[in-house]
Amino acid sequence: MRLNLGCGNHYAEGWTNLDIDSNDQVRPDVVHDVTKPMDFVVEPVDRIYAGHVLEHLDFDVVVPTLELWRTVLAPDGEMVVVGPDRDRAEALVAAGELTDEDFRSIRYGRGAWEHDVHLWRSSEAATTALLDAAGWKWTAVEVESLVESEYPLVSGIGWQFAVRASY
């Protein structure tokens, strides 16, 4: 089993797609709050993909949520976390390579549906500190290296970070 957590409007074939929303744009296989126990998971999960999901959670529930995700992952399984790196985005704005409008969507979310809002300052450094606090082992990777991988990454755009994690 492979879980695409917080799939939003990026449905991944061959994955079990979860999202808290189901609407005209978001059509997950399972409507579920990823911060809650995943009782529907009956076999260990081989892969977890959390692409642009952590920044949508209240900051104080991120570590308990990451700990929860460990409970469904197989011992030899892997999780990939991809998210917006506000530090990289600010550098791109300063270099004139990113518009203020694009930066606002990176900072606050696009607001395309109810939960499409960023609730904390996402960055590789902040996320890896949260992974450490939740007991994960992780390795930062270039986001571009995941574009053609098994993970359902949408793009390798430069203001994102990517981390491979296991326990």
message = Can you tell me which of (1) farther than 19 Å from residue 109 by Cα; (2) assigned to a loop (DSSP other than H, G, I, E, B); (3) without any contact (Cβ under 8 Å) to a residue 60 or more places away in the chain is the one residue 12 doesn't meet?
response = (3)
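Just the residues that are outside any strand (DSSP E or B), farther than 17 Å from residue 159 by Cβ and not aliphatic (A, V, I, L, M), please, taken from segment 71-99.
First, the residues of segment 71-99 that are outside any strand (DSSP E or B): 71-72, 85-99.
Checking which are farther than 17 Å from residue 159 by Cβ leaves us with 71-72.
Selection gives 71 alone.
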ask   = If you take the residues in segment 100-123 that are part of a helix (DSSP H, G or I) and in contact with a Lys or Arg (Cβ under 8 Å, 6 or more places away or on another chain), which one is surrounded by the fewest Cβ atoms within 10 Å (Cβ to Cβ)?
value = 107
request  = Can you work out which of the residues in segment 142-162 that are touching a residue at least 24 places away in the same chain (Cβ under 8 Å) and β-branched (Val, Ile, Thr) is surrounded by the most Cβ atoms within 10 Å (Cβ to Cβ)?
outcome  = 143
request  = For residues that are touching a Gly at 6+ places or on another chain (Cβ under 7 Å) and loosely packed, with under 15 Cβ neighbours inside 10 Å, scanning just segment 42-63, find the one that is farthest from residue 121 (Cα to Cα).
outcome  = 44
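Consider residue 134 carefully, then state whether it is aliphatic (A, V, I, L, M) and either surrounded by 14 or more Cβ atoms within 10 Å (Cβ to Cβ) or over 26 Å from residue 20 (Cβ atoms) (or both).
Working: aliphatic (A, V, I, L, M): yes; either surrounded by 14 or more Cβ atoms within 10 Å (Cβ to Cβ) or over 26 Å from residue 20 (Cβ atoms) (or both): yes.
It is true that residue 134 is aliphatic (A, V, I, L, M) and either surrounded by 14 or more Cβ atoms within 10 Å (Cβ to Cβ) or over 26 Å from residue 20 (Cβ atoms) (or both).
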query = Going by the conditions given, is residue 68 surrounded by 21 or more Cβ atoms within 10 Å (Cβ to Cβ), at pLDDT 95 or above and not polar (S, T, N, Q)?
reply = no
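Give the number of residues within segment 15-41 that are among the β-branched types (Val, Ile, Thr), under 20 Å from residue 110 (Cβ atoms) and surrounded by fewer than 15 Cβ atoms within 10 Å (Cβ to Cβ).
Selection size over segment 15-41: 0.
One line per residue, one yes/no per condition, for (1) out of contact with any Ser or Thr (no Cβ under 9 Å at 6 or more places or on another chain); (2) closer than 18 Å to residue 124 by Cβ; (3) at pLDDT 95 or above:
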| site | (1), (2), (3) |
| --- | --- |
| 3 | no, no, yes |
| 17 | yes, no, yes |
| 27 | yes, no, no |
| 38 | no, no, yes |
| 81 | no, yes, yes |
task = Keeping to segment 113-140, report how many residues are β-branched (Val, Ile, Thr) and touching a residue at least 60 places away in the same chain (Cβ under 8 Å).
result = 2
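The values are calculated or read from the model by the stated rules, or taken from the named source; none is laboratory data. In this text the structure is predicted, and so the values were computed from the model without any measurement. Cβ: placed from backbone, ideal geometry, glycine included. Neighbour counts: every protein chain shown.
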